[in-house]
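A short reminder: the numbers here are calculations on the coordinates, not readings from a lab. The shown structure was predicted, so the numbers you read here are calculated from the model rather than taken from an experiment. In this analysis, Cβ positions are derived from the backbone assuming ideal geometry, glycine residues included, and neighbour counts consider all displayed protein chains.
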Amino acid sequence: MSDTRNEGFDDFLDAVEDGDPYYLEGPAGDGSLPPRRIDPATGSRELTEKPLPETGEIVTHTQTHVASPGFADDAPFVVAVAEFGPVKITGQMREIDAEDVEIGQTVDIGIDRSETMEERLVVFRPSE
């Protein structure tokens with residue numbers, strides 16, 4: 001387990017754990033996640049914290065059977081990309097069998113720990 005704090009990203013993970021997830025909105029209305037400091041669309045440093053929508057929708061997913069050493073004990077697992085309003089977030093699926101994960105499925109965001117390194121990571125669970 002790492003004691004090094006990744007400013008911005010760890011703040012985002014803390015916010016998700018606290019039930020107040022957010023994204024950063026640029027002047028053109030586009031969204032990104034911390035630790036971004038510059039809007040990629042406009043180059044502006046004027047980013048505003050906005051509440052992340054409560055649920056997201058899976059846009060793609062894959063099952064990993066052979067993982068990198070940092071996730072070796074977690075395999076097999078499903079990684080999905082879910083769209084939460086203007087941002088896409090990558091996370092591991094939890095509380096669902098791999099064959100039941102579907103594009104268009106509604107998910108909630110959360111934080112859990114990897115089995116291998118005990119590191120915090122973004123996870124998705126099917127919405128009820």
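What 222 nm value per residue comes from the helices of the chain, counting each DSSP H run with n ≥ 4 as -39,500 (n - 2.57) and dividing by all residues, nearest 500 deg cm²/dmol?
-2000 deg cm²/dmol
How big is the charge dipole of the stretch 39-128 about its Cα centre, in debye rounded to the nearest 20, if each Lys and Arg gets +1 on its Cβ and each Asp and Glu gets -1 on its Cβ?
360
Rank the residues Phe9, Phe124 as a footprinting-exposure proxy: fewest other Cβ atoms within 10 Å of their Cβ go first.
Lowest count first: Phe9, Phe124.
Taking only Cα atoms and a 10 Å spring cutoff, compute GNM fluctuations for the chain and point out the largest among Ser68, Ser114, Ser32.
So, out of Ser68, Ser114, Ser32, the one fluctuating most is Ser68.
Can you compute the FRET efficiency between Ala67 and Glu7 using 1/(1 + (r/R0)^6), with r the Cβ-Cβ distance and R0 = 25 Å? Round to the nearest 0.05.
The value I calculate is 0.40.
I want to verify the translational diffusion coefficient of the stretch 26-65 in µm²/s; compute it with Stokes-Einstein, Rh as the Kirkwood radius over Cα pairs, at 37 °C and 0.692 mPa s.
Details: Rh = 12.4 Å.
D, rounded to a whole number, is 266 µm²/s.
Could you tell me, in Å, what Rg and Dmax come out for the Cα atoms of the chain?
So, for the chain, Rg and Dmax equal 15.1, 42 Å respectively.
Enter the Cα centre distance for the pair the stretch 28-80 and the stretch 82-122, rounded to the nearest angstrom.
Between the Cα centres of the stretch 28-80 and the stretch 82-122 lies a distance of 10 Å.
Once the dipole of the stretch 9-126 is set up with Lys and Arg at +1 and Asp and Glu at -1 on Cβ about the Cα centre, which of Ser32, Phe77, Ala98 lies farthest towards its positive end?
Towards the positive end, the residue furthest out is Ser32.
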